[in-house]
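Comments concern the structure below.
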Amino acid sequence: MFKLARAVRIELDKKYGLHPSIQAVSKLLADLPDQVPDLAEKVFLSEAIDCYRVRAYRACIVMTWNLAFDHLLNWILKDPNRLAGFNAAIPVKFQKTPKKASIVIKSYDDFADDLKEFEIIELCKNANLLNDNLIRTLKEKLGKRNTAAHPSTMVIVQPQADDVVSDLVNNVVLALT
C-alpha cells in the first residue's frame, strides 16, 4: 500500500484543487452554523467541521452522529404532542420489560438514563414521528457511527464521511424543525 506524504498532498491540492465532494460537504458544514441555534449542537458541529477539515473521518462521523442525534432528541422534546406520542409508544414497545415500560421522558437527560439510541429510533417509528425512510437512514448511520466509534480494523475514508454527513445534516438537522 502506498501513502502520499502530507506535504505532497497539500501541494497537489493547491495545484489541482479539492475533490468536488469534499468541497460540497465542507460547504454544507460551513453553512450550517447559522441554521443551528442550539449551543450544544453548535459544539458538535464545530468539532465535526474540525475533524472533516483535517481528514479525521472516523471522528467526523462520530461527531456528526452526535449532532444529528442531539437534534432529534431536542426535536422530540420541543413539541408536547411529539413527546406525548413518544411516551405513549414506550409501554407498548416494552410491554414484556416492566422496568422499561414504566419510563416517562420529561427532559433531555431522561433519554440517556433509560434508553439506547437504537431504542429511541424504534420508539420514533412506533410513535409515527418519523417516516420509514428516515428511520432506515438513522439505523444505517447509527451502524456506521458504531463502526467508526469502536476499535476495529475497518478503514474509514472520506466518501464514507461524506455519506454520513450529507445524510444526517440534510435529513435530520435541516429537515426536523
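Taking the fewest neighbouring Cβ atoms within 10 Å as the starting point, the ordered list for Trp65, Trp75 is Trp75, Trp65.
Order by neighbour count: Tyr52, Tyr57, Tyr108, fewest other Cβ atoms within 10 Å first, most last.
Fewest-to-most ranking of Tyr52, Tyr57, Tyr108: Tyr108, Tyr57, Tyr52.
Cβ crowding within 10 Å ranks Phe94, Phe44, Phe118 as Phe118, Phe94, Phe44, fewest other Cβ atoms first.
Every number in this text was worked out from the coordinates using simple rules, so none of it is lab data. Being a predicted model, the structure only gives us computed values, none of them experimental. Note that each Cβ is placed from the backbone with ideal geometry, even for glycine, and that neighbours are counted across all protein chains shown.
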